[in-house]
There are 2 protein chains.
Amino acid sequence: MDAIPIMTLKRLPQYLEAIYKFKRAGLKMVSATKIAVFTDVHMTQVRKDLAYTGVVGTPKVGHKIDELISAIEQCLNWNDASSCFLVGVGHLGKALMGYSELSRKGLRIIAAFDVNPELAGTELHEIPIYNVDKLSNLLNRLHIHIGIITTPADAAQEVADLLVANGVIAIWNFTPAKLNLPEEVIVENIDMSSSLAVLSRRVAEKLYHPITRN
Amino acid sequence: MDAIPIMTLKRLPQYLEAIYKFKRAGLKMVSATKIAVFTDVHMTQVRKDLAYTGVVGTPKVGHKIDELISAIEQCLNWNDASSCFLVGVGHLGKALMGYSELSRKGLRIIAAFDVNPELAGTELHEIPIYNVDKLSNLLNRLHIHIGIITTPADAAQEVADLLVANGVIAIWNFTPAKLNLPEEVIVENIDMSSSLAVLSRRVAEKLYHPITRN
């Protein structure tokens, strides 16, 4: 399996959404040009990106939609949802547990963990919640390779270390903490608090003292 | 209200989380050093960042915790939750509507909009859902300045244009679409699909053909 450039990986889900749309509209074939128009990516780039999926199109006609969909899904590992654990069943953790789209996109949360003893033994959206002291044991028993961290920021490093020590090779970090981990561990960060902080402040600056901006 | 550097804005929520923790532990005073230890940011940086909040600490003693909390919250506009509209009541939109933490962090979703006629007139987590054809009218009537977009990517630009045309000055964009908007509009992007795509693929590369990576 060859490494695909990170920017290509980031565009593929966009192409897929456009292609699903064409399929729902009844089309059987789709061209890079059509995808380009819908996604606002240049068609030369779309062609390059699609080449990584290994499907070969017919000049002037394009790609068979079903072939293209399954090639892209396979590239993104979506047709083989990976099991993962989520640690930190707070507001954000609960929202992610209820976000069923994740499993369609390759990630199935099969268990969640929290330090709160009142949550242990319960379940949410059919996902069981355990006390965090069961984490090491279950990681090893179930050979889990992916962890989602939705704890408070100051617990994130400790949780990440525990995950990695027990076989996790990839972490989806939803806390603002910058994780310090061995280089080979794959980390993707989504920092909603920081993004919201920037947004709120910029709005306040603009609304209350528009002159200091611009 | 002076402009605060974007990196400072991104760190302040982290400091707040640490300070809340100290408060819960019963402390009345907190130093930049203590915050630095908990957030893994250098104490010189913490001091610089806190200076933007306008609070003045006592040398060797630090800051009164309650004063510092309210100064940072005010900086982040958290003590004055801004009303906003959410457009696109799909999986992610629903998750955000249920994410009550948002309103504690300055953003209150007061209505949601969707093209699906079956959703119009219903509500979710006490937030009413309207047909998207009511969007312009309600934006104007309620003087809403912030919009959250959780539609499919190919609808995002159209929705953003509509929001901006009706008074919105800041957009929190959860789609992978790159929005093309007047420069003065504040846009923050959270692209979960792309982040997940990168994560899944990297895991697949590593698990199935570890030699091609490294």
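The values are calculated or read from the model by the stated rules, or taken from the named source; none is laboratory data. Model, not experiment: these values are computed from the prediction. Every residue, glycine among them, receives a Cβ derived from its backbone with ideal geometry; neighbour counts consider all protein chains shown.
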- Task: Search region B:71-102 for residues being assigned to a loop (DSSP other than H, G, I, E, B) and more than 10 Å from chain A (Cβ to nearest Cβ), and hand back the single one that is surrounded by the fewest Cβ atoms within 10 Å (Cβ to Cβ).
- Result: B:Asn79
- Item | B:Glu205, sole failed condition from (1) buried (at least 23 other Cβ atoms within 10 Å of the Cβ); (2) within 7 Å of another protein chain (Cβ to nearest Cβ); (3) over 21 Å from B:Met7 (Cβ atoms) | (1)
- Item | In region B:60-77, the residues that are in contact (Cβ under 8 Å) with a residue 40 or more places away in the chain and in contact with a Ser or Thr (Cβ under 8 Å, 6 or more places away or on another chain) | B:Leu68, B:Ile72, B:Cys75, B:Leu76
- Query: Does region A:110-123 contain any residue that is surrounded by fewer than 20 Cβ atoms within 10 Å (Cβ to Cβ), over 28 Å from A:Asp161 (Cβ atoms) and free of Cβ contacts under 8 Å to residues at least 12 places away in the same chain?
  - Reply: no
- In region A:78-95, which residues are aliphatic (A, V, I, L, M) and in contact (Cβ under 8 Å) with a residue 40 or more places away in the chain? A:Leu86, A:Val87, A:Val89, A:Leu92
- Counted residues, region A:164-194 - those being assigned to a loop (DSSP other than H, G, I, E, B) and either among the polar types (S, T, N, Q) or within 19 Å of the chain's Cα centre (by Cα) (or both): 14
- Query: If you take the residues in region A:136-159 that are out of contact with any Gly (no Cβ under 9 Å at 6 or more places or on another chain) and not charged (D, E, K, R), which one is farthest from B:Glu205 (Cα to Cα)?
  - Reply: A:Ala153
- Those residues of region A:38-58 which are touching a helix residue (DSSP H, G or I) at 6+ places or on another chain (Cβ under 8 Å), assigned to a helix (DSSP H, G or I), more than 12 Å from B:Asp154 (Cβ to Cβ) and not aliphatic (A, V, I, L, M), in sequence order: A:Gln45, A:Arg47, A:Lys48, A:Asp49
- On the given criteria, is B:Val46 crowded, with 18+ Cβ neighbours inside 10 Å and either within 14 Å of another protein chain (Cβ to nearest Cβ) or out of contact with any Pro (no Cβ under 6 Å at 6 or more places or on another chain) (or both)? yes
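Results for (1) exposed (fewer than 13 other Cβ atoms within 10 Å of the Cβ); (2) part of a helix (DSSP H, G or I); (3) of a type in the set (Lys, Arg); (4) more than 11 Å from chain B (Cβ to nearest Cβ), shown as yes or no for each residue.
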| position | (1), (2), (3), (4) |
| --- | --- |
| A:Ile4 | no, no, no, no |
| A:Thr8 | no, yes, no, no |
| A:Leu12 | no, yes, no, no |
| A:Tyr15 | no, yes, no, no |
| A:Lys21 | no, yes, yes, no |
| A:Gly26 | yes, no, no, yes |
| A:Ala36 | no, yes, no, yes |
- Message: If I go through region B:108-163 residue by residue, how many of them are modelled with pLDDT under 95, in a strand (DSSP E or B) and within 13 Å of another protein chain (Cβ to nearest Cβ)?
- Response: 4
- Any chance region A:54-62 includes a residue that's more than 14 Å from A:Ile4 (Cα to Cα), surrounded by fewer than 17 Cβ atoms within 10 Å (Cβ to Cβ) and small (Gly, Ala, Ser)? no
- Message: Is it the case, given these coordinates, that A:Gly57 is in the same structural domain as A:Val30 (by TED's automatic domain parsing), small (Gly, Ala, Ser), free of Cβ contacts under 8 Å to residues at least 60 places away in the same chain and over 20 Å from A:Thr151 (Cβ atoms)?
- Response: yes
- Item | Residue under evaluation B:Ser31, criteria (1) of a type in the set (S, T, N, Q); (2) at pLDDT 90 or above; (3) surrounded by fewer than 18 Cβ atoms within 10 Å (Cβ to Cβ), criterion not met | (3)
